[in-house]
1. Does residue 283 meet the test of being more than 9 Å from ligand 3 (Cβ to nearest atom), more than 24 Å from the chain's Cα centre (by Cα), in a helix (DSSP H, G or I) and surrounded by 13 or more Cβ atoms within 10 Å (Cβ to Cβ)?
2. Test residue 193 against the stated conditions and say whether it is in a strand (DSSP E or B) and more than 30 Å from residue 264 (Cα to Cα).
3. Go through (1) surrounded by 14 or more Cβ atoms within 10 Å (Cβ to Cβ); (2) in contact with a helix residue (DSSP H, G or I) (Cβ under 8 Å, 6 or more places away or on another chain); (3) touching a residue at least 40 places away in the same chain (Cβ under 8 Å) one by one and return the number of the condition residue 108 breaks.
4. Would you mind finding the one in 75, 118 that is outside the structural domain of residue 224 (by TED's automatic domain parsing) and in contact with a helix residue (DSSP H, G or I) (Cβ under 9 Å, 6 or more places away or on another chain)?
5. Could you identify the single residue in 89, 69, 114 that is surrounded by 11 or more Cβ atoms within 10 Å (Cβ to Cβ), touching a residue at least 40 places away in the same chain (Cβ under 8 Å) and not in a strand (DSSP E or B)?
6. Going by the structure shown, is residue 166 assigned to a strand (DSSP E or B) and modelled with pLDDT of 95 or more?
7. Out of 145, 134, I need the residue that is more than 16 Å from ligand 2 (Cβ to nearest atom) and not in a helix (DSSP H, G or I). Which one?
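The values are calculated or read from the model by the stated rules, or taken from the named source; none is laboratory data. Not measured: the values here are computed from a predicted model. Quick reminder, even Gly has a Cβ in these numbers, built from the backbone with ideal geometry, and neighbours come from all protein chains shown.
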Ligand SMILES: Nc1nc2c(ncn2[C@@H]2O[C@H](COP(=O)(O)OP(=O)(O)OP(=O)(O)O)[C@@H](O)[C@H]2O)c(=O)[nH]1
Ligand SMILES: [Mg+2]
Ligand SMILES: [Zn+2]
């Protein structure tokens, strides 16, 4: 009996493609029966998981074991069973990503701080390092581009300034992706495919085929594929991050996910401070003296409000 260890690079309707560590051909595998019966609080196997596979005579594999995940890009969902008992279940979009790269363009389409702040909350919720890629710098020039994103560097998020036209930052982006499993996310038209092509010829096209193939199915947001990089590592370009809704979030939890605001909250005079109008509010004081940017404060208030409304709808 031959067993191999490898990485799950694709999952589709119960079939998992495993790239063996020995560099051999990918093995289309299914989950071994006994593994399947184990109680599931999370997806048993997801793209990015490290597994052992037993090779069958017909060339397919069966997954024998799954290594413990060190991280995941996931969402939790509350589901009811037959007896109406509510359980939380985790849906994993990508297991073990090393980082998420949020791509925005500085122009065409316009940069949306609101959207970036939401993405950053998703990264923080999942305890994943976030990197910001500010693309199309050729359209506005380096100073204007930096003025838009400086603030994010100041609060500790690395920003890579890129242009597929001038070549700025392409090498830096390549180095950032090298040897890592990266999730790339960003709105349509910001230049994700163009950047991938600049890093490795044909890579953008490869990703496009994946996203088109999955655009049709029901499980659009769940389908992810890891695309190998010549320089080592993998990227997943996923529209799914948009649907990693924030609805699992309690309004007060929003605090913790705005990394520059979280530590201030305990310094407000009132423990139930909403940071909108109360006297001696440490958050508003920080906005006034420039420690928290007005844009981030605005994103923060909007998210809190949204979560509040969702909470109220629940009852
Ligand atoms: N000026 C300029 N245009 C760019 C740059 N990068 C990409 N573009 C253009 O922006 C448009 C969109 O680029 P894509 O790479 O297709 O964007 P995408 O993020 O992959 O979009 P989706 O696949 O729809 O999600 C194309 O017309 C590109 O030529 C850049 O650095 N500068
Ligand atoms: Mg694309
Ligand atoms: Zn306050």
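1. On the way: more than 9 Å from ligand 3 (Cβ to nearest atom): no; more than 24 Å from the chain's Cα centre (by Cα): yes; in a helix (DSSP H, G or I): yes; surrounded by 13 or more Cβ atoms within 10 Å (Cβ to Cβ): yes.
When the stated conditions are applied, residue 283 does not pass them.
2. On the way: in a strand (DSSP E or B): no; more than 30 Å from residue 264 (Cα to Cα): yes.
For residue 193, the condition - in a strand (DSSP E or B) and more than 30 Å from residue 264 (Cα to Cα) - is not met.
3. Every condition holds for residue 108 apart from (1).
4. Values: 118 fails: outside the structural domain of residue 224 (by TED's automatic domain parsing).
None of the other options fit; the residue is 75.
5. Details: 89 fails: not in a strand (DSSP E or B); 69 fails: touching a residue at least 40 places away in the same chain (Cβ under 8 Å).
None of the other options fit; the residue is 114.
6. Working: assigned to a strand (DSSP E or B): no; modelled with pLDDT of 95 or more: yes.
Here the answer is no, as residue 166 does not meet what is asked.
7. Numbers: 145 fails: not in a helix (DSSP H, G or I).
Within the list 145, 134, the selection yields 134.
Table: residues versus (1) more than 16 Å from ligand 3 (Cβ to nearest atom); (2) farther than 23 Å from residue 19 by Cβ; (3) at pLDDT below 90; (4) in contact with a strand residue (DSSP E or B) (Cβ under 7 Å, 6 or more places away or on another chain).
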position	(1), (2), (3), (4)
178	yes, no, no, yes
183	yes, no, no, yes
186	yes, yes, no, yes
198	yes, yes, no, no
203	yes, no, yes, yes
226	yes, no, no, yes
234	yes, no, no, yes
